[in-house]
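Read-outs: derived from the displayed coordinates by stated rules, not from any lab. No experiment lies behind these values; they were computed from the predicted model shown. Reconstructed Cβ throughout: ideal geometry from the backbone, glycine too, with neighbour counts over all protein chains shown.
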Amino acid sequence: MPANPLDTAFRAALSADASAPPRFPRRAGADLTPEREGSGQQALGWQGSGRQGFGPEELWRLFEAEAGSRALDLVARELQARGLAFYTIASAGHESNALVAMALRPTDPALLHYRSGGFYLARAAQVAGTTPFRDVLQGLMGLADEPIAGGRHKVFGHPALAVIPQTSTIASHLPRAVGLAIALHRARHLKLDSGWPSDAVVVCSFGDASANHSTAAGAINTAVYSSYRGLPTPVLFVCEDNGLGISVPTPAGWIQAAYGSRPGLPYYAADGADPVAAWSTIQAAVEQVRSRRTPAFLHLRTVRFLGHAGSDAEISYRTRREIEADYGRDPLLGTARALLATGEVEPAEVLARYDASRARVEAEAAELTGARQLGSATEVMAPLSPRRPTLVSRRAATMAPLPGVTPRTLAESINATLADLLEGDPRVIVFGEDVGIKGGVYGVTRGLARRFGAARVFDTVLDEQSILGLGLGAALAGLVPLPEIQYLAYLHNAEDQLRGEAATLSFFSKAAFTNPMVVRTAGLAYQKGFGGHFHNDNAVAVLRDIPGLVLACPSRGDDAAAMLRTCVAAAITDGTVSVFLEPIALYHTRDLHRGGDNGWLTVDHGTDAPIGRARIHRPDHDSAAELTMISFGNGVRMSLRVSRTLAAQGITAEVMDLRWLNPLPVADILQAAAATGRVLVVDETRRSAGVGEGVLAALVENGFDGPMARVASSDSFIPLGTAAHHVLLSEDEIEKAAGMLAGRGRR
């Protein structure tokens, strides 16, 4: 394998130092601190003092972490060339993030940037019995025995190191980090064990290009906002600024201009190429967050070596001279020269340690070559969505009230069930925009804040990413979060918090970390007197497409109570992430067939509703049904109304309420279809991307060959007023389709 230019440049610089006249005094046991902060130069002038500086021992610890990370990056490229590795986004040039790990405690939760090899190795050095080289190699080689993701992705993560695995989605982990920082103290206030030390600092790292992402801006704003309100928010934002977003340069000075003078966010700047000067700055940033419990922004100047990733041809957008000029800012070189400055270390010793790291990595890689990779779809998906329905049902039973006698609307049932959950489990918290004293836009959370207090039911900043991030963080702090997104349309602003963060955490940690969370949101259409596409949104396909996510949609109050208990029980038992989709138009509906019949009021019987099990509404009379209408949400009520009209025409129809839109109740669908022989799917969502096509696919794939049809709403946003009737599914359409289907092949 030809020598890597970065490796060659480091060796050449050390050789030059070895042949040059001594530049540094030899003073045994010198404790080095900078004469000036933020020098950012390689020609360093340091003096010994009694302050918290770096002595040779600390410098060697830093160098070992940096050199080990560099060796992993270089060996990864060689393994990839041999077809043995699959992930080569390097930490090279960012190794100074090891200083951040050294300034923190190994019990401080860390949500890390994908260039955090130095941090990971430095933290592992603080915890006995860890095997960081092996961990990282198994990850980039996709090996099934890798300790965090099990070969599913290369991530930095380990429960014993308090490193919470993150994907490489840009800045998506920042809302979770802020949520965890806030939740640490909320759990403590509620006298609950968060699982983290009471004075823990949450650290999250990201790149300079990611700092421009709306997710980062929103998370940082939420941290500052929360701190401004007096809420403890101990989060350290670490922006590792290498000046490039793949090929796009970050303007010089931009990060400091954007974050250097923001009120409520102390700013610390350090140059990773100058470790001794950086050390005191990083220590100060960590100490401020830990002692004051307020956020801080650490701007760590880095450099990027080896391109963005293995497939990135850096030479296509940077000149060779630009690339080679950065070699002088190598953090390994800065640490090596700091060691030489002690007067106790020779260049040959530095190079020997550097080569020893490379040899250890190569030995581990050789031992791992040929090790087992994931062998089946079942194995790949094992941590994705564990289901223990018996245990969930038992847990839900402990949450159930005594069977009720008071008929309630959908909204009233949800309110009462939330109250039961809050009463029964001190870990349950309810939050979102307007859920507090106002009680929600539709009154669904009315009275809960007054009854349970602002620590349990509270309003949040108006930012859906931050609302979900708080839920993700609260889950990591041992709470059971029930965040509310005011409308389904607003959830689309923050879907990546579900797709890229919530749904992947268990998958990329073999369920060592989970997101027990139930997201409530009002959605679907048919709302009268208000509306437009922001308040009548029927776009649910994006939620059904998230692996492992449970999508619940009750249509009646009794099902809402049972399903909400089940979702919370599944969150606690299996770490399940659920979205609880509440049909707005049915919140306060009382009647079914005619005004005043109270046919849509129900009583909570204290039961649960197993995930993936439907409910059948059969005709009032004893004759067998000859048609099954399968629906959910508003479609259930419409189908029941149509079934009475059909009965007058001599057509007997039963109505299946799917209740669970993901996973679909396939077994119940097949059983109902076999019983009647005819299926009409009544889908109030969009024809090209709704729920009905999943039902039809399940029927076809499982061999059902009876008559079947589908009616659905149009592929349109929903307009205001009566214009909505032109694009939404109507009862007339349902009746017509049911009549035609029942008339075909009738015996």
Next item on the list: Any lysines with Cα under 30 Å of the LYS438 Cα? List them, leaving off those in the same chain fewer than 8 positions away.
Entry: LYS191, LYS528
Note to self: Only four residue types carry charge here, +1 at the Cβ of Lys and Arg and -1 at the Cβ of Asp and Glu. Report the dipole size of the range 249-367 about the Cα centre in Debye, rounded to the nearest 20.
What the structure shows: 700
Notebook entry, point to check: In debye to the nearest 20, how big a dipole does the chain give about its Cα centre with +1 on each Lys and Arg Cβ and -1 on each Asp and Glu Cβ?
Noted result: 1060
Checklist line | Computed [θ] at 222 nm, deg cm²/dmol, the chain (DSSP H ≥ 4; -39,500 (n - 2.57); rounded to nearest 500) | finding: -11500 deg cm²/dmol
Next item on the list: At q = 0.05, 0.11, 0.12 Å⁻¹, what is the base-10 log of I(q)/I(0) for the chain according to the Debye formula with one equal point scatterer per Cα and no solvent? Please give it to two decimals.
Entry: -0.31, -1.11, -1.25
Next item on the list: Go ahead and run the numbers for FRET between TYR228 and ARG613, Cβ-Cβ distance against an R0 of 60 Å, rounding to 0.05.
Entry: 0.80
Checklist line | Cα long-axis angle, helix 5-19 against the chain (0 to 90 degrees, to the nearest 10) | finding: 30
Notebook entry, point to check: Which whole-Hz couplings ³J(HN,Hα) result when phi for each residue of the range 665-682 is put into the Karplus expression 6.51 cos²θ - 1.76 cosθ + 1.60, θ = phi - 60°, listed in order with x for Gly and Pro?
Noted result: x, 4, 4, 5, 4, 5, 5, 5, 4, 5, 5, 9, x, 9, 9, 10, 8, 9
Next item on the list: Determine, from the Cβ-Cβ distance of GLU349 and ALA511 and an R0 of 35 Å, the FRET efficiency 1/(1 + (r/R0)^6), rounded to the nearest 0.05.
Entry: 0.20
Next item on the list: Quick one: which residues, 5 or more positions from ARG710 or on another chain, have an amide H under 5 Å from its amide H? H modelled 1.01 Å from N in the peptide plane, none for Pro or chain starts.
Entry: VAL681
Notebook entry, point to check: Helix 557-574 versus the longest principal axis of the chain: what is the Cα-based angle in degrees, 0 to 90, to the nearest 10?
Noted result: 30
Item checked: For the range 535-611, size of Cβ-based charge dipole, Lys and Arg +1, Asp and Glu -1, in debye -> 80
Item checked: For the range 651-747, with +1 on Lys and Arg beta carbons and -1 on Asp and Glu, the positive-most of ALA698, SER714, SER688 along the dipole -> ALA698
Note to self: Please report the antiparallel percentage of the DSSP beta bridges confined to the range 219-311, to the nearest 5.
What the structure shows: 15
Next item on the list: Please turn the phi angles of the range 448-455 into ³J(HN,Hα) values with the Karplus equation 6.51 cos²θ - 1.76 cosθ + 1.60 (θ = phi - 60°), one per residue in order, whole Hz, x for glycine and proline.
Entry: 6, 5, 5, 6, 10, x, 6, 7
Check: If the cut-off is 19 Å between C-alpha atoms, which lysines fall inside it for LYS510, apart from same-chain ones fewer than 8 positions away?
Finding: LYS154
Next item on the list: Arrange the peptides 97-105, 449-457, 655-663 so that the one whose residues have, on average, the most other Cβ atoms within 10 Å appears first.
Entry: 97-105, 655-663, 449-457
Margin query: Shape verdict for the range 605-747, please, from the Cα gyration tensor: rounded (a/c under 1.5), prolate (a/b greater than b/c) or oblate.
Written below: rounded
Checklist line | Computed FRET value (nearest 0.05) for GLN649 with LEU402, which takes r as the C-beta separation and R₀ as 60 Å | finding: 0.90
Notebook entry, point to check: Counting other C-beta atoms within 10 Å, which of THR131, THR167 has the fewest, and how do the rest follow?
Noted result: THR131, THR167
Check: If one takes the longest principal axis of the Cα atoms in the chain, at what angle in degrees, from 0 to 90 and to the nearest 10, does the Cα axis of helix 331-341 lie?
Finding: 30
Check: In whole Hz, what ³J(HN,Hα) sequence does the range 726-741 give by Karplus (6.51, -1.76, 1.60; θ = phi - 60°), x for Gly and Pro?
Finding: 6, 10, 8, 4, 10, 5, 4, 5, 5, 4, 4, 5, 5, x, 5, 5
Notebook entry, point to check: Would you list TYR526, TYR259 from fewest to most Cβ contacts within 10 Å?
Noted result: TYR259, TYR526
Item checked: Placed amide H near ILE718: partners under 5 Å, 5+ positions off or other chain -> HIS533
Notebook entry, point to check: Cross-link partners among aspartates and glutamates for LYS736, C-alpha distance below 15 Å, same-chain residues fewer than 8 apart left out?
Noted result: ASP683
Notebook entry, point to check: Most exposed first by the Cβ proxy, i.e. fewest other Cβ within 10 Å, how do LYS528, LYS154 rank?
Noted result: LYS528, LYS154
Item checked: Share antiparallel - DSSP beta bridges, the chain, percent rounded to 5 -> 20
